[in-house]
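All remarks here apply to the structure that follows.
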Amino acid sequence: MRKDQRVKKNSEFQDIFQKGTSFANRQFVVYKLKKPKQSEFRIGLSVSKKIGNAVKRNQIKRYVRQVFLELKAEVKKEYDYVIIARKPAAEMNFHEVKKSLIHVFKRGSVLKMKSNGENVKKG
């Protein structure tokens, strides 16, 4: 992820928490805030020390970033997203993380829809 695709400042995080909407499953909480002037989405990640050691926390963050990279064409661009990992995410491999995030994204209408109402799929 490039630096311009990240939410970094505490004030930006607080803005998303206060003005945005949230949706969740057992592994992740996702907040989104519409930013109409943005050409690309931005993401902020929060993985608590309660989840595990630094290696585990960084692994979860890498997995989440990779999911966004793979779903880049399908994620709505005019939003800022904050993803908070919950404890069960620590025991998941990449494919489980991806499946869980797609589930949360569908709940929060994050993915673009085709005209027939199905989510956009690659290949």
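Counting only protein heavy atoms and a probe of 1.4 Å, the accessible surface of the chain is 49% carbon and sulfur.
In the chain, the DSSP beta bridges split such that about 70 percent are antiparallel, to the nearest 5. For the chain, the square roots of the Cα gyration tensor eigenvalues, ordered a ≥ b ≥ c, give a/c of at least 1.5 with a/b no greater than b/c, which places it in the oblate category. Applied to segment 76-83, the Karplus parametrisation 6.51 cos²θ - 1.76 cosθ + 1.60 on θ = phi - 60° returns per-residue 3J(HN,Hα) values of 4, 7, 8, 10, 9, 10, 10, 10 Hz, with x for Gly and Pro. Rolling a 1.4 angstrom probe over the protein heavy atoms with all chains in place gives the chain an accessible area of 61 Å² per residue. The longest stretch of the chain left intact once loop-based trypsin sites (Lys or Arg not before Pro) with at most 14 other Cβ atoms within 10 Å are removed from consideration, loops following DSSP, is 78-111. Partners of LYS37 within straight-line reach, counting lysines whose Cα lies under 17 Å from its Cα and excluding those fewer than 8 residues away in the same chain: LYS19, LYS76, LYS77. Sequence-ordered 3J(HN,Hα) estimates for segment 17-32 from the Karplus curve with 6.51, -1.76 and 1.60 and θ = phi - 60° stand at 4, 7, 9, x, 10, 10, 8, 8, 9, 5, 9, 9, 10, 10, 10, 9 Hz, glycine and proline given as x.
The 1.4 Å probe gives accessible areas that order LEU45, LEU71, largest first, as LEU45, LEU71.
The values are calculated or read from the model by the stated rules, or taken from the named source; none is laboratory data. Computed from a predicted structure; not experimentally measured. In this analysis, Cβ positions are derived from the backbone assuming ideal geometry, glycine residues included, and neighbour counts consider all displayed protein chains. Note: accessible area is taken over every heavy atom of the protein model, side chains too, but ligands, DNA and RNA are not part of it. Shrake-Rupley method; radii C 1.70, N 1.55, O 1.52, S 1.80 Å.
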